[in-house]
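Report on one structure; see the data block that follows.
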Amino acid sequence: MEVYRSQVLVCGGTGCTSPQSADIYRNLKSEIRRHKLNHEIEVLKTGCLGLCELGPIVVIYPEGVLYRNVGANDIKELVESHFIHNEILERLAYKTGEGEGKIRNLNELDFFKKQMRIALRNCGIIDPENIDEYIAFDGYMALEKVLTSMKPSDVINVIKESGLRGRGGGGFPTGVKWSFAASQNNDEKYIICNADEGDPGAFMDRSVLEGDPHSLIEAMTIGGYAIGSNKGFIYVRAEYPLAVERLEMAINQAIEYGLLGEDILGTGFKFDIEIRLGAGAFVCGEETALMQSIEGKRGMPMPKPPFPAVSGLWGKPTVINNVETFANIVPIILKGSDWFKSIGTPKSSGTKVFALGGKITNTGLIEIPMGTTLKEAIFDIGGGIPNGKEFKAVQTGGPSGGCIPEKHIDTPIEYDTLTALGSMMGSGGMIVMDEDNCMVDVARFFLDFTKDESCGKCTPCRIGTKRLLEILEDITKGKAESEDIGKLEELASGIKKGSLCGLGQTAPNPILSTLNYFKEEYIAHIENKKCPAKVCRPLVKYVILEDKCKGCGLCTRNCNIGAISGKLQETHVIDSDLCVKCGMCMHVCRFKAIVKI
């Protein structure tokens, strides 16, 4: 076994793979061989580290130096500088801030200081395609402990006592769900991992699948032992090809090592896992629709009860948990329920993974203890709002969540506190909005998504979401009337009460929360026919300021429909009837002579 003086970790997650990380990996291997350093320096592909805004990322240990926005053409210079001349390549190294120039060690980054990585513990650290690296980080030790020294009831009690709640959105206690299935007297039971991550802007589960697939396999096997199941399914969307590839690789490796399949670790326990690909329907994230899809039927929700733990897949007792929930199982078994309960809050134990997106400086993946405030997540970890803009709202819980305004920015992140504000934890989306976002348009965007994703089975969701969207579109076009606000509220309430599944029951949340906190914007659209954020195209227009226009003609040349007229060196004019309000003229004007009003 070779001992290396340095390890070079190249992010191999989807976010970094898209912009050249595979080429970076190959070029690093080639350059290091060219300098005859391949016996001193090891190059590894890892999963996502979470710093997606800075990708592609290269981290070098033992120094912990982080190189960001690395390109394939930078590798020759990087290798020569860092390994030949022992000098940090400053132009690519992450620094503290503009002008300060201090190189940052990975562990010193503000991005990581308030995080606590449990579900993401191995992501960005190990090679996900190498089972030996997972084992080196205590992999499969929890499975060995469970199979050799714990009864199934002991396992369930540990999970119960930990306070772990489902991380897929519902927040149901995981140990209680497992106990329901375990108590069923049936010779056939199933464990399902719901990896059908469909929320816009969400990539929490994908990062675990790509960066630590063995943690999922180990946890599902433990779950199978606990409830008396010998068969598991991972339901993952086909749009995650890298995740599927690494899952298949991990399953084959586990079988080869005797950690999956027949007679696991010589204990007589057997457990198999099969991957099923979803076609991308958002509604298949709902557990009964997911099971219908696995059975080869159209993915449509079914009435409950019976609940899946009693009668699920093919009518057999079934436990369904999402990827992040399973990612917490192994650490809980190894470190105990008291350790897990000591993190977070009394009603929300442990940590939660969020995908930070929108108007935020540090777009990426974070894992924080429950009870961390929204302000800490957005400003201390996320780096705040870029370009000096003002924070306006944060939307949690994906398209089913609500928008939380600035006055509630100090709210601790817990299941119950977010629900009380008209939002929800959801699977972990966190979309940040600034002063330039129109909250009516935000509600319209999410309703457009849920309307399209409705399976159509129940009338309140199928017809109701369409009617809600029509009213919102009228508001953004300046065609609505004052009574439409009351119609929105009444219809939203009816859809929440009458829909069959969680998609319809939560679809009105973006409308209800924005009406609650930003009603003045709705009134401005309806009564004044104005969009305060200048987002809704029918309610804004572009004008040229006479005192600033130089008559250069640049706007005219860039207007493809000929809506701008004027002679050179004379003030130009925009024809409002022809203008499609694309904004190109304002974008190209060098003199800031074009404004949107």
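The values are calculated or read from the model by the stated rules, or taken from the named source; none is laboratory data. Fair warning: this is a prediction, and the values are worked out from it, not measured in the lab. Methodologically, a virtual Cβ is constructed for each residue, glycine included, from the backbone with ideal geometry; neighbour enumeration extends over all protein chains shown. When the accessible area is computed, the model is the full protein with side chains, heavy atoms only, and any ligands, DNA or RNA have been set aside. Shrake-Rupley method; radii C 1.70, N 1.55, O 1.52, S 1.80 Å.
Considering Thr514, Thr465, Thr450, Thr476, which residue is over 20 Å from Gly398 (Cβ atoms) and under 29 Å from the mean Cα position of the chain (by Cα)?
Answer to the selection: Thr476.
Please go through segment 193-210 and give me each residue that is part of a loop (DSSP other than H, G, I, E, B) and closer than 17 Å to Lys352 by Cα, ordered by number.
Listed by number, the residues that qualify are Glu197, Asp199, Gly201, Ala202, Phe203.
Which one of these is surrounded by fewer than 18 Cβ atoms within 10 Å (Cβ to Cβ), touching a residue at least 24 places away in the same chain (Cβ under 8 Å) and acidic (Asp, Glu): Asp416, Asp434?
The match here is Asp416.
Evaluate the following for Glu77: is it open to solvent by 60 Å² or more (accessible area, probe 1.4 Å), on the phi < 0 side of the Ramachandran plot and acidic (Asp, Glu)?
Considered against the rule, which asks whether it is open to solvent by 60 Å² or more (accessible area, probe 1.4 Å), on the phi < 0 side of the Ramachandran plot and acidic (Asp, Glu), Glu77 comes out as yes.
Being part of a helix (DSSP H, G or I) and within 21 Å of the chain's Cα centre (by Cα) narrows it down to one residue among Phe112, Phe83; which is it?
Selected residue: Phe112, the only one of Phe112, Phe83 that is part of a helix (DSSP H, G or I) and within 21 Å of the chain's Cα centre (by Cα).
So, Gly498, is that one in contact (Cβ under 8 Å) with a residue 12 or more places away in the chain, of a type in the set (Gly, Ala, Ser), open to solvent by 30 Å² or more (accessible area, probe 1.4 Å) and more than 30 Å from Cys284 (Cα to Cα) or not?
no
With the checklist (1) aliphatic (A, V, I, L, M); (2) out of contact with any strand residue (DSSP E or B) (no Cβ under 8 Å at 6 or more places or on another chain); (3) crowded, with 23+ Cβ neighbours inside 10 Å; (4) closer than 30 Å to Met116 by Cα in hand, flag the one item Val283 doesn't pass.
So the condition that Val283 fails would be (4).
Which condition number does Ala182 fail, the rest of (1) open to solvent by less than 20 Å² (accessible area, probe 1.4 Å); (2) over 23 Å from Lys45 (Cα atoms); (3) aliphatic (A, V, I, L, M) being met?
(1)
Taking Ala181 as the residue in question, decide whether it is in a helix (DSSP H, G or I) and small (Gly, Ala, Ser).
It is true that Ala181 is in a helix (DSSP H, G or I) and small (Gly, Ala, Ser).
Which of (1) outside any loop (DSSP other than H, G, I, E, B); (2) more than 25 Å from Val440 (Cβ to Cβ) does Pro538 not meet, given it meets every other one?
Going through (1) outside any loop (DSSP other than H, G, I, E, B); (2) more than 25 Å from Val440 (Cβ to Cβ) one by one, Pro538 breaks only (2).
Would you say Ser153 is crowded, with 24+ Cβ neighbours inside 10 Å and under 29 Å from Pro369 (Cα atoms)?
Answer is no for this residue.
Among Ala492, Ala480, which is open to solvent by less than 50 Å² (accessible area, probe 1.4 Å), outside any helix (DSSP H, G or I), in contact (Cβ under 8 Å) with a residue 12 or more places away in the chain and among the hydrophobic types (A, V, I, L, M, F, W, C)?
So the residue among Ala492, Ala480 that is open to solvent by less than 50 Å² (accessible area, probe 1.4 Å), outside any helix (DSSP H, G or I), in contact (Cβ under 8 Å) with a residue 12 or more places away in the chain and among the hydrophobic types (A, V, I, L, M, F, W, C) is Ala480.
With respect to Gly171, determine if the residue is closer than 30 Å to Pro399 by Cα and open to solvent by less than 30 Å² (accessible area, probe 1.4 Å).
It is true that Gly171 is closer than 30 Å to Pro399 by Cα and open to solvent by less than 30 Å² (accessible area, probe 1.4 Å).
Filter segment 95-109 down to residues that are in a loop (DSSP other than H, G, I, E, B) and open to solvent by 60 Å² or more (accessible area, probe 1.4 Å) and give me whichever is modelled with the highest pLDDT.
Selected residue: Lys102.
Take Gly280 and tell me if it is of a type in the set (Gly, Ala, Ser), in contact (Cβ under 8 Å) with a residue 24 or more places away in the chain and touching a Pro at 6+ places or on another chain (Cβ under 9 Å).
For Gly280, the condition - of a type in the set (Gly, Ala, Ser), in contact (Cβ under 8 Å) with a residue 24 or more places away in the chain and touching a Pro at 6+ places or on another chain (Cβ under 9 Å) - is not met.
Can you tell me how many residues within segment 1-51 are aromatic (Phe, Trp, Tyr) and surrounded by fewer than 21 Cβ atoms within 10 Å (Cβ to Cβ)?
Result for segment 1-51: 1.
Hey, could you check segment 186-211 for residues that are of a type in the set (Asp, Glu) and more than 16 Å from the chain's Cα centre (by Cα) and say which is farthest from Pro317 (Cα to Cα)?
Asp187
Please list, ordered by residue number, the helices (runs of 4 or more DSSP H) wholly in segment 311-405 having 2 or more residues that are open to solvent by 10 Å² or more (accessible area, probe 1.4 Å).
Correct list: 329-335, 337-341.
If I ask for residues that are exposed (fewer than 15 other Cβ atoms within 10 Å of the Cβ) and among the hydrophobic types (A, V, I, L, M, F, W, C), which ones from segment 558-583 would you list?
Of everything in segment 558-583, those that are exposed (fewer than 15 other Cβ atoms within 10 Å of the Cβ) and among the hydrophobic types (A, V, I, L, M, F, W, C) turn out to be Ile561, Leu568, Val573, Leu578, Val580.
Given the condition part of a loop (DSSP other than H, G, I, E, B), open to solvent by less than 60 Å² (accessible area, probe 1.4 Å) and of a type in the set (A, V, I, L, M, F, W, C), answer yes or no: does some residue in segment 52-65 qualify?
Yes; the residues of segment 52-65 include at least one that is part of a loop (DSSP other than H, G, I, E, B), open to solvent by less than 60 Å² (accessible area, probe 1.4 Å) and of a type in the set (A, V, I, L, M, F, W, C).
Scan segment 230-253 and tell me whether some residue there is within 18 Å of Gly47 (Cβ to Cβ), touching a helix residue (DSSP H, G or I) at 6+ places or on another chain (Cβ under 7 Å) and without any contact (Cβ under 8 Å) to a residue 40 or more places away in the chain.
Taking every residue of segment 230-253 in turn, at least one turns out to be within 18 Å of Gly47 (Cβ to Cβ), touching a helix residue (DSSP H, G or I) at 6+ places or on another chain (Cβ under 7 Å) and without any contact (Cβ under 8 Å) to a residue 40 or more places away in the chain.
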